Amino acid sequence: MIIKGGVVYDPANGVLGEEMDICIDAGAVAEAAGGPTIDARGMLVLPGGVDAHSHIAGPKLNAGRIMRPDDGRIGTEPRRGLCRPCTGYTVPNSSAIGYRYARMGYTTVFEAATPIIESRHTHEELEAIPILDKGALTLFGSNWTVMECVGEKDLPKLSAYVAWGLRASRGYGVKIVNPGGGEAWGFGSNVKGLHDPVPEFNVTPAEIIHELARANERLCLPHSIHLHFNNLGKPGNYSTAIETLDLLKDIVPSRDRQAVHVTHMQFSAYGGTGWRDFESKAPEIADYYNKNDHATMDMGQIIFGSATTMTADGPLEYANARLLHQKWSNHDIELEESSGVVPLVYIRGSPVNAVQWAIGLELALLTEDPWKVLLTTDNPNGGPFVKYPEVIALLMSHKRREEEMAKLPELLSKRSVIGSIERELGWGEIAVMTRAAPAHVLGLKEKGHLGVGADGDVSIYEIDPREVDPGSDPALVERAFTQAKYTIKAGEVVSRDGEIAGIPQGRTFWTDANVPEEDMARLMASLKEKFEKYYSIQMSNYMVQEAYLSRPVAVRAGVEVAQ
Amino acid sequence: MIQEDVVCSFCGCLCDDIRVETNDEGIVKAKGACRLGSSKILGHGPGHGRISKPMIRQDGELVEVEYQVAYDRAARILKAAKRPLLYGWASTVCEAHEEGVLLAEEVGAVIDSTATVCHGPSVIGVEEKGLAGATLGQVKNRADLILFWGCNPAEAHPRHMRRYSSNSTGRFTPEGRKGRTVIVIDVRETRTARLADRFIRIDPGTDYQVISALRLILAGKAEILGDEVCGISKGKLVDLVDILKKARFGAIFFGLGLTHSRGRYKNIDCALSLTAELNAHTKFMIMPMRGHYNVAGIGQVMAWEGGYPMSVDYSRGAPYFNPGETAACDLLARREADAALIIAADPASNFPRSIVEALAEIPVIQIDPYENPTTLLADVVIPCAIAGVEVEGTAYRMDGLPLRMRKVIEPVHPSDEEILKEIRESARRLPDDH
């Protein structure tokens, strides 16, 4: 396939708005190729979109769907052409997730959190998502074995467990959610800060985070630790954010990437002592990022309207449900995690929601380097991923932000700085935040760029970046990004003008990390005891079987790779 | 040959520690399984009512035919029907469920599971309130108080109490049964009730009032109540709330006693609310005691495939969910369904009589390893391998935890998944005639 004459933005390779051809041969970008030609003259050509943090599969998703038949009705689409029927807005069915991402030009999406013991479910749903390449991040933050290894200061054993847990869950990277809090929530409490010991385990969240980061680098994993801070969602929590980031300054990345990825930073950039004096601390967070280079973040932008919050942060969801008088689902997972699901609505008239809206944008606009900030809504926590084009328009147009601010409470100007920010992001910066940076942050070398050898994933938008001024014409930008003219996955057109044109089965990335045999042997002795005494299933039935990944891609890592 | 850690395919407990011994004749031992489980695992031979060949009813008699003939007949029936119903699914694996949803899309059917006559009201309750749950291992390791409401695990889920709940031991529950308080609320003194520390008998149909009274007491509004609530003294209920509040980790398990007594989903709504409210005082979770081993799985598969966990109508091309209108019994009661495919269930034994009569009036396709009362009214009978014994695949435990069922012996018959795929392919080849 040859994509001819498009205006290409491929920031990873220093290409910013050049008119050039892209050739795809055997599913990958090549020097030359035959086959069909796509005329992309006057159109924006980008690498396929990459989402490094989105809740798209697993027990939480289904909990959301089951408790929200109201959401199911929104977004109902009958079976048509190649497409199976679709339902849902914030919690769509699996088919809809694949089609809707593909229509927007996205080709790779990573599920943000899977508990090891329920990962079979996560993979069943990932397999049911058409078109997309995907992977899942495995939860380790409140895990008994992790906390015991941390308490014993046994880094080799902890590394062995992380490697084993990734294999058991067929997971891609280390996710840490409110470390220690999930265990405390097992008896209905929480950890209050980085140095508040986890009940019964005598380790602190700080120790869990730091040691998991060390294990992550010892294993030379493709992705860094992926962290949801303690105290998330609470006024005044920005200090926890900065304290945690400081804690990780001494971590030396084992690969060319960050030492820590902080997810949905919007929910952790709060000032104030309560909801009455709630305010944005995005400037402080952005300033920290401008001065330090060891961390990346994703926005976690909120979208006004309906959302379904879902997280392994069980106590947070309980607090949400109490605060908002909403229905509440909770699911604690033996020896490993907690989790919860609460539907909610972000309202323009609410000063708190307005400030949250501003914080997400401020983080992206005040952080100078777009490689440090990924565009996300923490789908569907801040809002559904189908609203990414709205976020792009807001970032690219000061005028668009002013229009929105006019609908928000006046108090916003006192509690945030959003009104004073003139910066408008350019095409290249958007390409970084939605393509190049998420791929780099995840350590996916063949994603997020269009260099020779990259995956043949391309999105083409019917908008000419040389002619359209996004600042004054944000509606054109939003419309173009909502529906790609073409989405190409591994050299196959999968979506054209919003019509699904091909439904390939995507691949699933997971990380296969080796550790020295003696470390694994020591680990097995203590795991065996856990299965005999505490788990409710047998060890031999625990690991995700090969049958659950139809197209696996094992990324090699491990102690030997590191050496 | 000995196979360790086989997953039992009888009830929602999915015990995964069964030691199965096989020889040339089949399975000879299922060590560790309860009597219900071992009868299921051992009951695979021809002497156990297995259907040997596909059959089609001709002149009132079931006549043996080849598989392809049965597939084509099934496809024609479903395709010709205006309102086909695909029902059952509780005793097969998720891989078959996925095929079932595809078939529903293909022929524009209503697809529904046996949940509709067991924990369907629980699902509706969850839609109203959400569910504060946990995996069974949390109960094993943490619960010091267990309340069984309208369920009788000692007889219906025989290993539940020892493996997961009242008699299990775990990290924070080293004393097992001794360290726990077990309460049973039921309309009769069941075997589970006799094993409890405290049994509260309530009058049939008063669950809603009793739970509401507990919520009032918990909210500090006991003075609103009279001296008695449905025959139970107020003092007894105040005591009970006190016990619940003092627990370190409380677990409520409920069964059909709650879902199928007066109030139905409102009972569940009320119980889910009570659980959520108890969390203001201590840690509490609640769980439905799911019956068939994978009735939870069909709900999961339908939710990710179409957005809703049961009673989904695909006749308009898009999923439409409205239990009360689109549930199997609703459809049959209105004489709306004009054909039915019954798989991995026996509605002739479990549906109300008038609904079974409606089923008898329409063409019925049965896919099952065993003959059962539904066979008597079936027009096409397709024998399948026993999922979970002869076919591997996924099942979801009552707490939502998925396990991979093992293939213990080689099947003679095709799997549910293969049969459904053949019927769908046959249906695709037929022209649209409506």
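The values are calculated or read from the model by the stated rules, or taken from the named source; none is laboratory data. The model shown is predicted, which means the values in this text are computed figures rather than measured ones. For neighbour counting, all protein chains shown are included, and Cβ atoms are generated from backbone atoms with ideal geometry for every residue, glycine included. Each accessible area value is taken on the protein alone, full model and side chains, heavy atoms only, with ligands, DNA and RNA left out. Shrake-Rupley method; radii C 1.70, N 1.55, O 1.52, S 1.80 Å.
Would you mind finding the one in A:G151, A:G81 that is more than 14 Å from every other protein chain (Cβ to nearest Cβ) and either open to solvent by 10 Å² or more (accessible area, probe 1.4 Å) or of a type in the set (K, R) (or both)?
A:G151
Taking the options B:A358, B:A385, name whichever one is more than 30 Å from B:S38 (Cα to Cα) and either assigned to a helix (DSSP H, G or I) or touching a residue at least 12 places away in the same chain (Cβ under 8 Å) (or both).
On the way: B:A385 fails: more than 30 Å from B:S38 (Cα to Cα).
Step by step, each of B:A358, B:A385 is checked, and only B:A358 is more than 30 Å from B:S38 (Cα to Cα) and either assigned to a helix (DSSP H, G or I) or touching a residue at least 12 places away in the same chain (Cβ under 8 Å) (or both).
Scanning region B:178-197 for residues that are in a helix (DSSP H, G or I) and open to solvent by less than 60 Å² (accessible area, probe 1.4 Å), which turns out farthest from B:G12 (Cα to Cα)?
B:G179
Within region A:56-69, can you find the residues that are open to solvent by 10 Å² or more (accessible area, probe 1.4 Å) and either more than 9 Å from chain B (Cβ to nearest Cβ) or within 14 Å of A:P384 (Cα to Cα) (or both)?
Residue satisfying the conditions is A:K60 alone.
Which ones in region A:347-392 are under 23 Å from A:D71 (Cα atoms), in contact with a Phe, Trp or Tyr (Cβ under 8 Å, 6 or more places away or on another chain) and acidic (D, E)?
A:D378
Which count do you get for residues in region B:391-408 that are closer than 20 Å to B:I342 by Cα and not in a strand (DSSP E or B)?
Final tally of qualifying residues: 0.
Quick check on this structure: which one of B:V123, B:V107 is surrounded by 18 or more Cβ atoms within 10 Å (Cβ to Cβ) and more than 30 Å from B:F10 (Cβ to Cβ)?
Among B:V123, B:V107, only B:V107 is surrounded by 18 or more Cβ atoms within 10 Å (Cβ to Cβ) and more than 30 Å from B:F10 (Cβ to Cβ).
Being open to solvent by 10 Å² or more (accessible area, probe 1.4 Å), more than 14 Å from every other protein chain (Cβ to nearest Cβ) and either touching a Leu at 6+ places or on another chain (Cβ under 6 Å) or free of Cβ contacts under 8 Å to residues at least 12 places away in the same chain (or both) narrows it down to one residue among B:P414, B:P369, B:P431; which is it? Before you say what the answer is, go through the steps one by one.
On the way: B:P414 fails: either touching a Leu at 6+ places or on another chain (Cβ under 6 Å) or free of Cβ contacts under 8 Å to residues at least 12 places away in the same chain (or both); B:P369 fails: either touching a Leu at 6+ places or on another chain (Cβ under 6 Å) or free of Cβ contacts under 8 Å to residues at least 12 places away in the same chain (or both).
Result: B:P431 is the single residue among B:P414, B:P369, B:P431 that is open to solvent by 10 Å² or more (accessible area, probe 1.4 Å), more than 14 Å from every other protein chain (Cβ to nearest Cβ) and either touching a Leu at 6+ places or on another chain (Cβ under 6 Å) or free of Cβ contacts under 8 Å to residues at least 12 places away in the same chain (or both).
Against the definition (under 30 Å from A:V355 (Cα atoms) and among the basic types (K, R)), how does A:K192 come out, yes or no?
Working: under 30 Å from A:V355 (Cα atoms): yes; among the basic types (K, R): yes.
It is true that A:K192 is under 30 Å from A:V355 (Cα atoms) and among the basic types (K, R).
Of the residues A:P315, A:P343, which single one is within 11 Å of chain B (Cβ to nearest Cβ), assigned to a helix (DSSP H, G or I) and either open to solvent by 10 Å² or more (accessible area, probe 1.4 Å) or more than 17 Å from A:F278 (Cβ to Cβ) (or both)?
Numbers: A:P343 fails: assigned to a helix (DSSP H, G or I).
Only one candidate passes the filter, namely A:P315.
B:V229: without any contact (Cβ under 8 Å) to a residue 24 or more places away in the chain and either buried (at least 22 other Cβ atoms within 10 Å of the Cβ) or more than 14 Å from chain A (Cβ to nearest Cβ) (or both), yes or no?
Against the criterion (without any contact (Cβ under 8 Å) to a residue 24 or more places away in the chain and either buried (at least 22 other Cβ atoms within 10 Å of the Cβ) or more than 14 Å from chain A (Cβ to nearest Cβ) (or both)), B:V229 qualifies.
Residue-wise test of (1) modelled with pLDDT of 95 or more; (2) away from chain A (no Cβ under 13 Å); (3) out of contact with any Lys or Arg (no Cβ under 6 Å at 6 or more places or on another chain); (4) farther than 20 Å from A:K327 by Cβ.
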| position | (1), (2), (3), (4) |
| --- | --- |
| B:G205 | yes, yes, no, yes |
| B:V210 | yes, yes, yes, yes |
| B:I243 | yes, yes, yes, yes |
| B:F249 | yes, no, no, yes |
| B:L256 | yes, yes, yes, yes |
| B:D269 | yes, no, no, no |
| B:A276 | yes, no, yes, no |
| B:N279 | yes, no, yes, no |
| B:I286 | yes, no, yes, no |
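Working carefully through the options A:R80, A:R100, A:R84, A:R73, find the one that is closer than 17 Å to A:D378 by Cβ, out of contact with any Leu (no Cβ under 6 Å at 6 or more places or on another chain) and among the basic types (K, R).
A:R100
Which residue is farthest from A:Y486 (Cα to Cα), if the candidates are limited to region A:1-25 and must be free of Cβ contacts under 8 Å to residues at least 24 places away in the same chain and over 27 Å from the mean Cα position of the chain (by Cα)?
Just the residues of region A:1-25 that are free of Cβ contacts under 8 Å to residues at least 24 places away in the same chain, to begin with: A:14, A:18-21, A:23.
After this cut, where a residue has to be over 27 Å from the mean Cα position of the chain (by Cα) as well, the list is A:18-21, A:23.
Values: A:E18: 19, A:E19: 17, A:M20: 17, A:D21: 15, A:C23: 15 Å.
Ranking the qualifying residues of region A:1-25, first place goes to A:E18.
Can you tell me which of (1) over 21 Å from the mean Cα position of the chain (by Cα); (2) more than 30 Å from A:I56 (Cβ to Cβ) is the one B:A348 doesn't meet?
(1)
Quick one: in region A:1-31, of everything that is among the acidic types (D, E) and open to solvent by 10 Å² or more (accessible area, probe 1.4 Å), which residue is nearest to A:L132 (Cα to Cα)?
The residue in question is A:D25.
So, B:N322, is that one within 14 Å of chain A (Cβ to nearest Cβ), of a type in the set (S, T, N, Q) and surrounded by fewer than 19 Cβ atoms within 10 Å (Cβ to Cβ) or not?
Yes, satisfied.
Within region B:256-269, is there a residue that is open to solvent by less than 10 Å² (accessible area, probe 1.4 Å) and in contact with a Gly (Cβ under 7 Å, 6 or more places away or on another chain)?
Yes - at least one qualifying residue is present in region B:256-269.
List the pairs whose first member sits in region A:385-407 and is within 12 Å of A:Q301 (Cβ to Cβ), whose second member is open to solvent by less than 10 Å² (accessible area, probe 1.4 Å) and of a type in the set (G, A, S), and whose Cβ atoms are under 7 Å apart, counting only residues at least 6 apart or on separate chains?
That search, which allows pairs on different chains as well, returns A:F385/A:S54; A:L395/A:A364.
From the list A:G88, A:G72, A:G34, exactly one residue is without any contact (Cβ under 8 Å) to a residue 60 or more places away in the chain, assigned to a loop (DSSP other than H, G, I, E, B) and open to solvent by less than 10 Å² (accessible area, probe 1.4 Å). Which is it?
A:G88
Any residue that is touching a Gly at 6+ places or on another chain (Cβ under 6 Å) and under 19 Å from A:K387 (Cα atoms) - is there at least one of those in region A:424-433?
Yes, some residue in region A:424-433 is touching a Gly at 6+ places or on another chain (Cβ under 6 Å) and under 19 Å from A:K387 (Cα atoms).
Within region A:240-277, which residues are within 14 Å of A:P205 (Cβ to Cβ) and part of a loop (DSSP other than H, G, I, E, B)?
Across region A:240-277, the qualifying residue is only A:L248.
Return yes when B:R171 is out of contact with any Gly (no Cβ under 7 Å at 6 or more places or on another chain), within 17 Å of B:M398 (Cα to Cα) and open to solvent by 10 Å² or more (accessible area, probe 1.4 Å) and no when it is not. Talk me through it step by step, then tell me what you get.
On the way: out of contact with any Gly (no Cβ under 7 Å at 6 or more places or on another chain): yes; within 17 Å of B:M398 (Cα to Cα): no; open to solvent by 10 Å² or more (accessible area, probe 1.4 Å): yes.
So B:R171 does not fit the description; no.
For the subset of region B:142-160 comprising residues that are surrounded by 19 or more Cβ atoms within 10 Å (Cβ to Cβ) and under 13 Å from B:D197 (Cβ atoms), which member is nearest to the chain's Cα centre (by Cα)?
So in region B:142-160, the residues surrounded by 19 or more Cβ atoms within 10 Å (Cβ to Cβ) come out as B:142-143, B:145-154, B:156-160.
Among the residues that remain, those that are also under 13 Å from B:D197 (Cβ atoms) are: B:145-148.
Numbers: B:L145: 25, B:I146: 21, B:L147: 20, B:F148: 17 Å.
Checked region B:142-160; the qualifying residue nearest to the chain's Cα centre (by Cα) is B:F148.
Could you check how many residues of region B:138-170 are within 14 Å of B:I252 (Cα to Cα) and either within 7 Å of another protein chain (Cβ to nearest Cβ) or of a type in the set (A, V, I, L, M) (or both)?
10
Please return the ranges of strands (runs of 3 or more DSSP E) entirely within region B:40-133 where 3 or more residues are under 21 Å from the mean Cα position of the chain (by Cα) and within 14 Å of another protein chain (Cβ to nearest Cβ).
In region B:40-133, B:110-113 are the strands (runs of 3 or more DSSP E) which contain 3 or more residues that are under 21 Å from the mean Cα position of the chain (by Cα) and within 14 Å of another protein chain (Cβ to nearest Cβ).
Mind checking which residues of region A:257-287 are over 19 Å from the mean Cα position of the chain (by Cα) and among the polar types (S, T, N, Q)?
A:T273, A:S280, listed by residue number.
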